[in-house]
Amino acid sequence: AGHIVQVALVHGATLKYPPSVLVSAALLLSNQLVGRRVVWPRKMARTSGRSRKELTPLAKELRSLLQFSTRVQTRWLQKEGVASMPKQAYAEDQTGSATKARGSVVDWLRDVHLQLNYWTATLHLAVSIVDRYLSVR
């Protein structure tokens, strides 16, 4: 559900919805995507103050945004992803001080990641960016 909300927030059309409605629709869609037998339990309806019927149009919109986002990511990876990956053996070409510097940067990124409670994918992306930078230097 968190990823669905992140995709939705990038798209301006979803900003017209109150955050509670957006999150509720994302939870509904998430439950649908994972195949839950009851996708909108009574307790969720009571807690959110929203019915499944009320959230379904937004959940459908979110599904479309999610599918579009996935297609864009796939196309980017096919076109740019491989070209922008770090060279396979770049670390072997680095001097000892460069390897230590990379380790220090990765440790610092990990500490920031833990302190700010970011998603694991954010840390992986940051390390990937560092590696891509170092591989072209």
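Can you tell me which residue is most open to solvent (accessible area, probe 1.4 Å) among those in segment 115-137 that are among the hydrophobic types (A, V, I, L, M, F, W, C) and within 20 Å of Gln6 (Cα to Cα)? Within segment 115-137, the match that is most open to solvent (accessible area, probe 1.4 Å) is Trp119. Note on segment 81-100: among residues that are surrounded by fewer than 14 Cβ atoms within 10 Å (Cβ to Cβ) and not in a loop (DSSP other than H, G, I, E, B), the one that is modelled with the highest pLDDT is Lys100. Reported count of residues in segment 12-32, each being in contact (Cβ under 8 Å) with a residue 12 or more places away in the chain, in a helix (DSSP H, G or I) and either among the hydroxyl-bearing types (Ser, Thr, Tyr) or open to solvent by 30 Å² or more (accessible area, probe 1.4 Å) (or both), is 8. The test for being modelled with pLDDT of 90 or more and open to solvent by 40 Å² or more (accessible area, probe 1.4 Å) holds for Arg50.
The values are calculated or read from the model by the stated rules, or taken from the named source; none is laboratory data. Not measured: the values here are computed from a predicted model. Please note: Cβ atoms are built from the backbone with ideal geometry, for glycine as well, and neighbour counts cover all protein chains shown. Surface areas here come from the heavy atoms of the whole protein model, side chains and all, with no ligands, DNA or RNA. Shrake-Rupley method; radii C 1.70, N 1.55, O 1.52, S 1.80 Å.
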